[in-house]
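Okay, structure first, notes after.
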Amino acid sequence: MIARRIDACRACGGAQLDAIVDLGATPLANRLLAREELAEPEPRVPLVLVFCPACSLVQITETVAPEILFREYFYFSSFSNELLEHSRAHAEELRARRRLGPSSLVVEVASNDGYLLRWFVEAGVPVLGVEPARNIAEVANQRGVRTVAEFFGLEQARALKLEGYAADVLLGNNVLAHVADLGGFVAGAAELITDDGIVEFEFPYVGDLIDRVEFDTIYHEHLCYFSAHAIERLFARHGLVLTDVRRLPIHGGSLRVTGARRAEPEGRARAEALLDEERRRGLDRFAYYASLAGRVDGLKRELTALLEQLRNDGRRVAAYGASAKGSTLLNCFGIGAPLVEYVVDRSTVKQGRFTPGTHLPIFAPERLVEDRPDYALLLTWNFADEILRQQAEYRRLGGRFIVPVPEVRVVEPL
Ligand code: ZN
């Protein structure tokens with residue numbers, strides 16, 4: 001059995017879970033296939049989003065074993081320029097705000113290839129990365145970012161503390177949503193920081209997911225979808241105060257939340273402002289989330305109608321971005337060959353493989369210019385500006401992009 005269904009809320013243990021949307025049984029979104037795997041059966045797991053009325057946490061009902069999901073992970077952070085710039089700015093800001101220097105320690109959980117910690121290393125601030133994917137941890141170490149290949153939880157935090165580690169800053173970017181043992185993870189983070197240390201987590205904001213119909217950010221790696229309400233209650237259970245919140249544009253809209261043992265007035269005022277806004281808009285109640293299912297259906301009808309029309313008109317369509325969200329979109333909407341012929345992606349480790357479920361071949365982005373399909377369906381719409389700039393030549397040659405989210409939009413050639 002590769003997946004297990006929860007019978008209670010992942011954060012508070014509440015027994016009532018209200019269904020928001022059922023996206024069907026989908027293949028694992030990052031499980032790209034080698035050619036010899038195409039004939040083998042692919043695991044499919046139900047993808048159902050639910051709401052906990054007790055603590056307002058939005059979550060999916062199935063937990064796929066992390067060993068299956070994360071041991072060989074294809075997402076190398078450093079492949080996106082926008083992400084690199086975002087990380088550099090974040091590191092610089094933290095270094096100044098927390099006055100970090102040679103005697104400080106910055107720990108990052110799920111540190112990937114060291115894309116964020118490298119900026120601290122360059123500035124002479126000691127770091128420790130904790131990264132479960134062995135192949136990626138190895139890359140980080142080769143680049144001079146000290147990294148241990150482990151999953152993170154209370155037990156690991158205690159072991160690190162015994163080894164003498166104490167974090168002035170503990171970072172977790174786009175990891176909290178992935179954690180099956182949410183309580184153990186936050187307890188571990190609280191354990192590993194110094195008395196006046198902070199934890200800082202970034203994750204996609206569930207308010208943006210709902211408002212912008214970003215349903216394709218739902219896949220099995222993402223177990224939870226947080227509001228400020230949900231995170232405040234989660235922190236409180238582990239002795240942390242929500243002491244700052246910032247909204248960020250990255251990944252279709254994210255939150256950066258800070259937790260500490262004591263609140264700091266300026267940051268806390270920002271947190272309270274967002275909590276107030278959430279109450280006004282109803283993010284602490286089920287009705288706000290319930291509209292998602294109908295809007296996903298509308299998007300599906302619109303996008304498949306466009307692709308079928310293009311097919312009938314003899315137009316050729318490729319896709320850009322062999323991403324996990326692309327996998328959700330293609331599989332939930334039932335879009336594959338012949339509506340879309342192939343996918344291009346900048347990541348060299350993805351090229352030569354095939355997309356989960358839909359089995360579209362993955363090529364390098366240069367293929368768009370060489371092959372000149374009439375349209376490219378943009379599956380990584382969260383990096384739309386960057387990709388449209390990079391693909392100027394294809395667009396000058398007459399190529400059009402289809403942006404599927406939050407509404408279907410065609411970007412005309414240059
Ligand atoms: Zn709950």
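The values are calculated or read from the model by the stated rules, or taken from the named source; none is laboratory data. Please read these numbers as outputs of a predicted model, since none were measured by experiment. Each accessible area value is taken on the protein alone, full model and side chains, heavy atoms only, with ligands, DNA and RNA left out. Shrake-Rupley method; radii C 1.70, N 1.55, O 1.52, S 1.80 Å.
Descriptive notes on the structure:
- The range 77-288 - share of DSSP beta bridges that are antiparallel (%, nearest 5): 45 percent
- Accessible surface of the chain, 1.4 Å probe, proportion on carbon and sulfur as whole %: 49 percent
- Beta bridges by DSSP in the range 300-411, antiparallel share as percent, to the nearest 5: 25 percent
- For residue 63, the residues whose modelled amide H falls within less than 5 Å of its own, excluding neighbours fewer than 5 places apart on the same chain, are 4, 5, 6.
- Taking every alpha-carbon pair within the range 77-288, the share separated by more than 28 Å comes to 24 percent.
- Annotation for the range 366-407 versus the range 1-57: alpha-carbon center distance of 30 Å.
- Between the alpha-carbon centres of the range 149-201 and the range 264-295 there is a gap of 26 Å.
- Integer Hz, Karplus 6.51/-1.76/1.60 couplings in order for the range 102-117, x for Gly and Pro: x, 9, 8, 9, 10, 9, 10, 9, 6, 7, 6, 8, x, 4, 9, 5
- Distant-in-sequence amide H partners of residue 123 (H built 1.01 Å from N, under 5 Å): none
- Straight-distance crosslink candidates among aspartates and glutamates, where the alpha carbon sits under 18 Å from residue 161 and sequence neighbours closer than 8 are dropped: 108, 131, 150, 191, 195, 196
- Once the Cα gyration tensor of the chain is diagonalised, semi-axes √(5λ) in Å: 35, 25, 20
- Top of 392, 318, 180 by mean-square fluctuation, Gaussian network on the chain, Cα under 10 Å: 392
- Counted over the chain, the DSSP beta bridges are approximately 55% antiparallel.
- Mean-square fluctuations from a GNM of the chain, with a 10 angstrom spring cutoff on Cα atoms, peak among 41, 66, 53 at 41.
- Cross-link reach is defined here as a Cα-Cα straight distance under 30 Å, omitting same-chain residues fewer than 8 places apart; for residue 300 the lysines meeting it are 325, 350.
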